[in-house]
Amino acid sequence: MSFLGYVRPDGSVGTRNYVLVIPQGIISKSICDFVVGAKTIVTTDHGSGRTAGDRETIARLLIGLGRNPNVASVIVHAASPGAGYPELGAKRLADEIAAGKKRIEILDPAKDGGTYGAIAKGIQLARVMVYEASRLRRVEVGDEHLCLGVKCGYSDTTSGIAGNPAVGYLYDKIVRAGGTAMFGETTEIIGAEHVLAKRAINPEVARAILDAAAIQEAKAKATGLDIRTVNPVPSNIKGGISSLEEKSLGAIHKAGTAPIQGVLKYAERPKGTGLFFVDNWMGHLSIFAGYAAAGANIVLFQLGGGGVTGRTLLEGSPTVVVPFLWTTANPKTYAAAKDSIDFYSGTVIEGTETPEQAGERLYHTVRDIASGTLSRSETLHYSEPIDMYLQQPRF
Amino acid sequence: MPGKRALIMHPSDNVATAVEEIQPGEEVTIPLGKDSLSVRAIELIPFGFKIALHEIPRGEIIRKYGDTIGRATTPIAKGAMVHIHNLEGVRARGDLERRGEG
């Protein structure tokens, strides 16, 4: 099977076709306000006062977004407060994005006539770049060019028994076709890590999965708190989930059954194809941007919703350049927010479809959206800032 | 009339998940391969919540998905709801660690 995508010079395939302007700031925002089809990011951090490890994470996020197959070309400006650190300098970012062989331009207010001058030059460049991008046509390509990222959230018991299994079917299908799929949320594998470790392709990967869970569990224990006061979160408990282990054992169903090829850091690009576990955090303002930086061209939020009554409009999560889908198996969630939800698999609970039949339907929805149909959240301008997954203290 | 429905995720599980609201005294039918199990609810089990398939003594491991989801903090009667009032998770428990029980 196949979808219609934009083939990039490095052979990757986009499901969208944007010009990206990074890092955040008034130069990037002004260019995007002025030019159709240009995108930028909003985060709460520039990297100033961050350790080398966290600065490298920020760099991975920025470089990864630039290299994302949904990006036709990139403008990097040199006016970020973090840009004085070598890791976050405009030249370093541009050089690494250039490995993707796409057009890159650098704006430097020191050379381009100050901030006003850099904005003016950026607008001129971006207009040409979006015009150039628009001349590219979608072509039919195989599913091996799909790269998926997923999180489950507001999980309730419909997530583990019907929502996640439909996503798991999709994951298995894309991996079998030669594509790439990522899942993560390390806290939510505690209690299920032994199941995942058995699926690792070798003992090193198995050890990395067990270590990720053990480190996270040790951090939780070091707080002296009962994890149940934190996670499962109140909406999980209201939805029928009784323990972190129960949440984890349901959560891993979204990853299907394929062998696990490796463990990735937040925003790290996978080497090779297949299923990967990402050592990341569940927060929706964090995780999807990380998948986008890792090269995802479709991301899914599998929603339970037992505890979100009254939410009739679901805004998407920040991905910057990647289509974001809402899926749910909870009939009440679906009824309340139908026009925000891309896919419903409550049919599995109602007994009218098997998880496989629902998963096959999800696959067709994903192909459509990969080929250009807008996801429901793409019909909204609203976007929240990215909360980069930085784990070290600030100084 | 067929009983209300609940799903069991693995044959070794001692709880099932209600996929419709179950009233006290109602018979619950749980498909298990080609067969089915039957249990009478002794209290209200809301949609998405768990019902005990047999009597579970205090301290016994509670299983769903064929794996451990916690242990019983009180004796649980057959047909009773299983949730945070009678099940506790045992992983990542900093409180137990602090008390030297982890």
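Among the criteria (1) closer than 25 Å to A:Asn330 by Cβ; (2) more than 9 Å from chain A (Cβ to nearest Cβ), the one B:Gly89 does not fulfil is (2).
So which residues in the stretch B:1-18 are within 12 Å of chain A (Cβ to nearest Cβ), over 13 Å from the mean Cα position of the chain (by Cα) and either touching a residue at least 60 places away in the same chain (Cβ under 8 Å) or assigned to a loop (DSSP other than H, G, I, E, B) (or both), if there are any at all?
Result: B:Pro2, single match.
Within the stretch A:280-288, at least one residue is assigned by TED's automatic domain parsing to the domain that holds A:Arg367 and more than 30 Å from A:Gly37 (Cβ to Cβ). One residue stands out in the stretch B:74-84 among those that are surrounded by fewer than 19 Cβ atoms within 10 Å (Cβ to Cβ) and more than 17 Å from A:Thr157 (Cα to Cα): the one that is nearest to the other protein chains (Cβ to nearest Cβ), namely B:Thr74. Taken as a whole, the structure places A:Thr327 among residues that are hydroxyl-bearing (Ser, Thr, Tyr) and touching an Asp or Glu at 6+ places or on another chain (Cβ under 7 Å).
Among residues of the stretch B:30-51 being surrounded by fewer than 17 Cβ atoms within 10 Å (Cβ to Cβ) and within 12 Å of another protein chain (Cβ to nearest Cβ), the one that is nearest to A:Glu350 (Cα to Cα) is B:Pro31. For the stretch A:64-118, residues that are assigned to a strand (DSSP E or B) and over 17 Å from A:Tyr18 (Cβ atoms) total 2.
Can you find even one residue in the stretch A:252-260 that is closer than 28 Å to B:Ala92 by Cα, touching a Leu at 6+ places or on another chain (Cβ under 6 Å) and surrounded by fewer than 21 Cβ atoms within 10 Å (Cβ to Cβ)? Yes, some residue in the stretch A:252-260 is closer than 28 Å to B:Ala92 by Cα, touching a Leu at 6+ places or on another chain (Cβ under 6 Å) and surrounded by fewer than 21 Cβ atoms within 10 Å (Cβ to Cβ). Every condition in (1) among the small types (Gly, Ala, Ser); (2) crowded, with 20+ Cβ neighbours inside 10 Å; (3) in contact (Cβ under 8 Å) with a residue 40 or more places away in the chain is met by A:Gly283 except one, and the failing one is (2). Residue pairs whose Cβ atoms lie under 6 Å apart, sitting 6 or more positions apart in sequence or on different chains, and linking a residue in the stretch A:124-144 that is more than 19 Å from A:Leu107 (Cα to Cα) to a partner that is surrounded by fewer than 13 Cβ atoms within 10 Å (Cβ to Cβ), are A:Asp143/A:Met1.
Scanning the stretch A:336-372 for residues that are under 20 Å from the mean Cα position of the chain (by Cα), over 25 Å from A:Gly310 (Cβ atoms) and assigned to a loop (DSSP other than H, G, I, E, B) yields A:Ser371, A:Gly372.
Among the residues of the stretch A:195-229, just one is more than 7 Å from every other protein chain (Cβ to nearest Cβ), over 25 Å from the mean Cα position of the chain (by Cα) and closer than 17 Å to A:Lys247 by Cα, namely A:Thr229. Is there a residue being in contact (Cβ under 8 Å) with a residue 24 or more places away in the chain and among the hydroxyl-bearing types (Ser, Thr, Tyr) anywhere in the stretch A:354-367? Yes - at least one qualifying residue is present in the stretch A:354-367. Can A:Ala166 be described as farther than 17 Å from A:Val299 by Cα and in a helix (DSSP H, G or I)? Criteria not met by A:Ala166. Of the candidates B:Arg71, B:Arg99, the single residue that is within 14 Å of another protein chain (Cβ to nearest Cβ) and under 13 Å from the mean Cα position of the chain (by Cα) is B:Arg71.
The values are calculated or read from the model by the stated rules, or taken from the named source; none is laboratory data. Computed from a prediction, not measured in an experiment: that's the story for all the values here. So basically every Cβ, Gly included, is an ideal-geometry build from the backbone, and we count neighbours across all protein chains shown.
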